[in-house]
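Asks: One structure, pasted below without further comment.
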2 protein chains.
Amino acid sequence: MRVGLDVGGTKTDAVAVDESGTITGRVRLATGWGPDGVTATVVEAIGALARERPGDDPIRSVGVGMPGQVVPGSAHVTHAVNLGVAELDLPGRLQPRLGVAVAVENDVKAAAVGAHALRRRQGETLAYLNLGTGVAAGIVRDGRLWRGPRGTAGEVGHISVDPDGPPCQCGQRGCIEALAGGASIARRWERPSSLPVRDMMDAADAGDHTARRLRGDLMAGVAAAVRILVLTVDVDVVVLGGGITALGDRLRNGVVAELDASAEASAFMRSLHLRERVELLPAGSAAAAFGAALIGAARDREHPQESMIHG
Amino acid sequence: MRVGLDVGGTKTDAVAVDESGTITGRVRLATGWGPDGVTATVVEAIGALARERPGDDPIRSVGVGMPGQVVPGSAHVTHAVNLGVAELDLPGRLQPRLGVAVAVENDVKAAAVGAHALRRRQGETLAYLNLGTGVAAGIVRDGRLWRGPRGTAGEVGHISVDPDGPPCQCGQRGCIEALAGGASIARRWERPSSLPVRDMMDAADAGDHTARRLRGDLMAGVAAAVRILVLTVDVDVVVLGGGITALGDRLRNGVVAELDASAEASAFMRSLHLRERVELLPAGSAAAAFGAALIGAARDREHPQESMIHG
């Protein structure tokens with residue numbers, strides 16, 4: 001079997017996948033803190049999947065999706081701030097212990113691969129737009145993840161779409177992440193809450209002025225990201241995922257209304273049929289863990305020796 | 001020999017290219033008006049190149065780059081407004097007459113192919129950003145033109161980067177083309193001129209208030225397009241071409257100053273080294289005609305029968 005993990009800031013989602021690409025098992029655990037905590041969580045999740053598996057199917061590869069930067073050609077993750085990880089070489093820690101290849105990929109990119117595979121439309125060019133603490137996209141084209149030469153393909157979060165927009169943590173103004181990222185919305189909403197985006201949406205529905213402005217920015221930011229992905233990469237579909245998509249139709253309807261407004265203003269935008277090209281990842285989807293499993297399996301098949309040595 | 005043509009609103013640039021990819025001849029003619037005028041210009045240019053050629057090297061393929069939309073999989077050009085062409089089937093008109101395959105491509109996409117080939121860096125991912133009457137980009141990746149499933153890859157001109165920006169002909173506000181397209185600048189500059197962008201720049205240097213705002217918008221629009229192309233497609237280089245690049249260093253320095261300002265504000269933007277990734281196409285470059293020749297040659301090599309029938 002192939003194992004895939006999505007190591008998130010609070011929980012880790014792990015799946016077992018058979019050679020036909022079917023998910024045969026799934027466990028969810030709280031994520032430990034720091035390099036040792038993350039490593040222990042991954043080991044524990046793999047152990048739980050191994051105990052659950054039918055028969056004695058050996059684990060043949062492990063793929064891990066996690067936040068942070070994965071330097072192309074390396075398996076080192078850096079800057080995974082939400083996990084308390086400045087730098088981590090998971091393959092180096094796990095391969096000697098598990099005796100199998102361990103591949104690591106950025107979690108958004110892993111989710112893009114998983115979302116594409118779950119849709120089962122092979123020729124489709126897809127962007128997975130993650131609306132979480134931050135905003136970033138992963139792109140799949142010709143059935144493969146497209147990282148770009150420097151790994152910045154899909155980094156739409158720090159494109160400014162409003163020179164007078166709210167300041168972004170990155171130092172610019174009006175970035176898509178400043179408009180539509182969960183951390184930025186929480187910061188701008190100011191009221192303490194465990195679910196600031198939901199609270200903001202409720203307050204907007206109730207007529208609160210600040211909340212309505214923040215809601216407008218959220219929808220405008222997501223719509224801008226969709227337009228940019230379509231007009232640069234010409235993706236067939238933009239799949240929205242991440243924590244903010246727990247809003248469900250409230251998010252979808254708001255984004256579609258923004259896209260409709262630009263389609264109404266512009267025959268060119270209308271010709272793009274954007275409203276039909278936006279979808280939400282189903283709630284509880286295992287896309288990121290599934291994608292990580294596929295990435296681990298692919299790397300193992302392509303470079304069975306190398307993946308053991310370098311991950 | 002292979003022939004490539006860049007059919008522009010005022011002039012047509014035509015080159016002869018040998019099988020090694022070297023330009024062996026070049027002619028420039030005024031472009032005729034409407035479908036018949038364009039067809040006659042193409043025939044005349046090919047005749048002039050044939051007369052110039054050394055020895056008796058037969059013409060083996062023709063590639064034509066021209067403004068307008070080329071429907072993927074077809075050779076029909078539509079909406080080439082500047083040429084007086086609503087619809088034109090050049091291969092249908094030319095192939096029976098010339099007896100060789102004729103391929104047609106959008107001129108910006110042809111220029112992207114040509115700019116990439118002229119740089120002779122095979123693995124490079126390149127965007128060619130055309131700053132002419134309008135603004136659009138062509139993208140080359142893995143040595144091939146990337147059109148996208150609907151042919152809108154690189155259509156950055158109608159991405160809005162300022163909700164309070166100037167109205168765009170497309171119906172939106174603050175589109176990159178509204179900020180940095182020649183037609184929009186001429187419209188906003190209002191004073192009659194045969195070189196409105198140059199006049200505006202001169203007036204800005206002399207302190208004119210309106211001109212300084214338009215100049216700022218031009219530089220901001222080009223810089224936004226560069227950031228978007230790098231942060232979605234992760235191109236190695238953005239090559240600027242088109243009529244507005246006749247400004248040379250005045251354009252380059254203004255765009256670099258904009259990119260430097262965002263790099264100064266943001267460590268993330270700084271890490272992208274954008275100023276080093278922007279280049280101007282050399283004045284008088286035959287990139288578009290050369291790219292058209294390569295596209296014609298490639299289509300002829302890949303589908304020798306089909307290209308005769310369908311172009």
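Asks: Which numbered condition in (1) surrounded by fewer than 19 Cβ atoms within 10 Å (Cβ to Cβ); (2) over 18 Å from the mean Cα position of the chain (by Cα) is the only one that A:Ala220 fails?
Replies: A:Ala220 satisfies every listed condition except (1).
Asks: Then there is this: Any residue at all in segment B:133-143 that is more than 16 Å from B:Gly291 (Cα to Cα) and charged (D, E, K, R)?
Replies: no
Asks: I'd like the residue in segment A:155-186 that is within 11 Å of chain B (Cβ to nearest Cβ) and free of Cβ contacts under 8 Å to residues at least 12 places away in the same chain and, out of all such residues, is farthest from A:Asp202 (Cα to Cα).
Replies: Kept after step one, since they are within 11 Å of chain B (Cβ to nearest Cβ), are these residues of segment A:155-186: A:155-165, A:167-177, A:179.
Adding the requirement that they be free of Cβ contacts under 8 Å to residues at least 12 places away in the same chain leaves A:163-164, A:167, A:171.
On the way: A:Pro163: 28, A:Asp164: 26, A:Pro167: 24, A:Gly171: 30 Å.
That would be A:Gly171.
Asks: Given the conditions (1) within 14 Å of chain B (Cβ to nearest Cβ); (2) surrounded by fewer than 23 Cβ atoms within 10 Å (Cβ to Cβ); (3) among the hydrophobic types (A, V, I, L, M, F, W, C); (4) within 29 Å of A:Val3 (Cα to Cα), which single one is not true for A:Ala263?
Replies: Failing condition for A:Ala263: (4).
Asks: Turning to a different aspect of this structure: Scan segment A:1-24 residue by residue and report those that are of a type outside the set (Val, Ile, Thr), surrounded by 15 or more Cβ atoms within 10 Å (Cβ to Cβ) and within 21 Å of the chain's Cα centre (by Cα).
Replies: A:Arg2, A:Gly4, A:Leu5, A:Asp6, A:Gly8, A:Gly9, A:Asp13, A:Ala14, A:Ala16
Asks: Taking segment B:156-187, which residues are in contact with a strand residue (DSSP E or B) (Cβ under 9 Å, 6 or more places away or on another chain), farther than 19 Å from A:Ala261 by Cβ and surrounded by fewer than 22 Cβ atoms within 10 Å (Cβ to Cβ)?
Replies: Correct list: B:Gly182 only.
Asks: So, in segment B:34-50, exactly how many residues are of a type in the set (Ser, Thr, Tyr) and more than 15 Å from B:Gly63 (Cα to Cα)?
Replies: 0
Asks: Now a separate question. With the requirement that a residue be within 14 Å of another protein chain (Cβ to nearest Cβ) and in contact (Cβ under 8 Å) with a residue 24 or more places away in the chain, what does segment B:266-298 give you? Walk me through how you get there before you give the answer.
Replies: Within segment B:266-298, the subset within 14 Å of another protein chain (Cβ to nearest Cβ) is B:266-274, B:276-277.
Correct list: B:Met269, B:Leu272, B:Leu274, B:Arg277.
Asks: Restricting attention to segment A:101-155, which residues are aromatic (Phe, Trp, Tyr) and either surrounded by fewer than 23 Cβ atoms within 10 Å (Cβ to Cβ) or at pLDDT below 95 (or both)?
Replies: Initially, segment A:101-155 is screened for residues aromatic (Phe, Trp, Tyr), giving A:128, A:146.
Result: A:Trp146, single match.
Asks: A further question on this structure: Quickly run through segment B:190-249 and pick out the residues that are assigned to a loop (DSSP other than H, G, I, E, B) and touching a strand residue (DSSP E or B) at 6+ places or on another chain (Cβ under 8 Å).
Replies: Here is the first cut: in segment B:190-249, the residues assigned to a loop (DSSP other than H, G, I, E, B) are B:190-195, B:206-208, B:234-236, B:242, B:248.
Answer for segment B:190-249, where residues must be assigned to a loop (DSSP other than H, G, I, E, B) and touching a strand residue (DSSP E or B) at 6+ places or on another chain (Cβ under 8 Å): B:Val235, B:Asp236, B:Gly242, B:Gly248.
The values are calculated or read from the model by the stated rules, or taken from the named source; none is laboratory data. As the structure is a computational prediction, the values presented were derived from the model and not from experiment. Glycine also receives a Cβ, built like all others from the backbone with ideal geometry; neighbour counts cover every protein chain displayed.
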